[in-house]
Every structure is written in C-alpha cells, then in structure tokens.
2 protein chains.
Amino acid sequence: MSNEELEQLRASLDDKNMEILKLINERAEIVQKIGGVKSKSGTKRFDPVRERKMLDLIAEENEGPFKTSTLQHLFKQIFKASLELMGEDEQKALLV
Amino acid sequence: MSNEELEQLRASLDDKNMEILKLINERAEIVQKIGGVKSKSGTKRFDPVRERKMLDLIAEENEGPFKTSTLQHLFKQIFKASLELMGEDEQKALLV
C-alpha cells in the first residue's frame, strides 16, 4: 500500500518536473526576446534593479513550503543561466 | 515603441516567474508527502537512482532553448533544496 502510494507520488513529481521544465524554457524564450530588444537599443543585458524587483515579487507571492530565501536562491540560478543564454546568442550573432 | 515592447516582455516574464514559483512550491509539497511515506517505512530520503531517472527524463523531454546540462544543473539545485526541506520537517517532528 505504502509502495503504491510512493509510486503515485513519484508519478506526480515527474509530471511537476516536466511542467517546470516547460516553463523554465518558455521563460528563457522571453529572456531571449528581451535580449533582442535590448541589443537593438544598446541597453545592457544585466539590470540589477530589475532583478531585485523580480526577487521582491517572489518574496511577496511565496506561500511556501519553501522559504523565500531558498526560492530566491533558486531563481538567482535561473537568472544567471538566462544571462549566459543571452551571451551565447550574442556570440552566435557575431559569428554570422 | 521598443520600450513598450520591453515592458510587455517584462510583464510576461513576471507572470512566468510566478507560475514557476507556484509549481516549485507544489513540487515541494509532493516531496514532503514522499518524505512522510518514506519515514513511515524507514526508507532513506536520498535516492540517487531515482534522481538519475528524473535527470534522464529532463534530457529526453528538453526542447530548448536551455541546454540539457543547464537544466539538469538547475534541477539538481531544486532537488538539493527539497532534501533540505525534508530534513527540516524531520527535525520539526523530533521537536514535537
């Protein structure tokens, strides 16, 4: 019984992982578009004020169970990966 | 015009962040339930085989733009935070 329960919970976890995967990639597509707009206008990619605002919004909206500090740490990793992705796009553009 | 476009993209990014936040917390709730089942059966919380399977599934399902290695790195951070959360729950249980 407990094993069956575990298998069901694991299946839900896999579904949740796939939803998160999809959303993180969709988020990356938006970041790429922002990178495109910024490179046209010559604006710097990294904007600490904007990043702070996103982290504040996470603090406001967090209903747990994760602590806000944990979530902000996870999102900072996502932000960092996104900046790296924008950097790669720019390098590719330079090679064309 | 470009500024307006940027504002719209940022609003989409905020929406996406909030969706990811919600899913990561929902995922944590499932992990807590798994922790509960495991502690009843005396099974160890950390299961490297299961973690490997989840990472493989991410590799299979990834459609980009993020590279699989980047996503696997992000998910490992989520897994780590989840294990820490299960540890906190256990400590709380010990205090009751």
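Just so you know, all these numbers are worked out from the coordinates, no wet-lab data involved. Note that this is a predicted model, so its numbers are computed, not measured. Note that we place each Cβ from the backbone using ideal geometry, even for glycine, and neighbour counts take in every protein chain shown.
The residue of chain A whose Cβ sits closest to the rotation axis that maps A onto B, together with that distance in whole Å, is A:Q77, 3.
Comparing Cα centroids, region B:28-48 and region A:4-25 end up 15 angstrom apart. Entry note, the protein assembly as shown: the mean residue ellipticity at 222 nm calculated from DSSP H runs of n ≥ 4, each adding -39500 (n - 2.57), is -30500 deg cm²/dmol after division by the residues and rounding to the nearest 500. Taken over the Cα atoms of chain A, the convex hull encloses 121 Å³ per residue. Label point of A:K80 (7 Å along Cα→beta-carbon): distances to the other copies' equivalent points are 0.9 nm, sorted ascending. Each copy carries a label point for A:R52 at 7 Å from Cα along the beta-carbon vector; from one copy to the others these points are 4.6 nm apart, nearest first. Peptide B:78-87 is shielded by partner chain Cβ atoms: per residue, an average of 3 of them sit within 10 Å of its Cβ. Across the identical copies, the label point of B:E19 (7 Å from Cα in the Cβ direction) is separated from its matches by 1.1 nm, in order from shortest. Cβ-to-Cβ counts within 10 Å put A:R52, B:R10, B:R27, B:R50 in ascending order as A:R52, B:R50, B:R10, B:R27, the fewest first.
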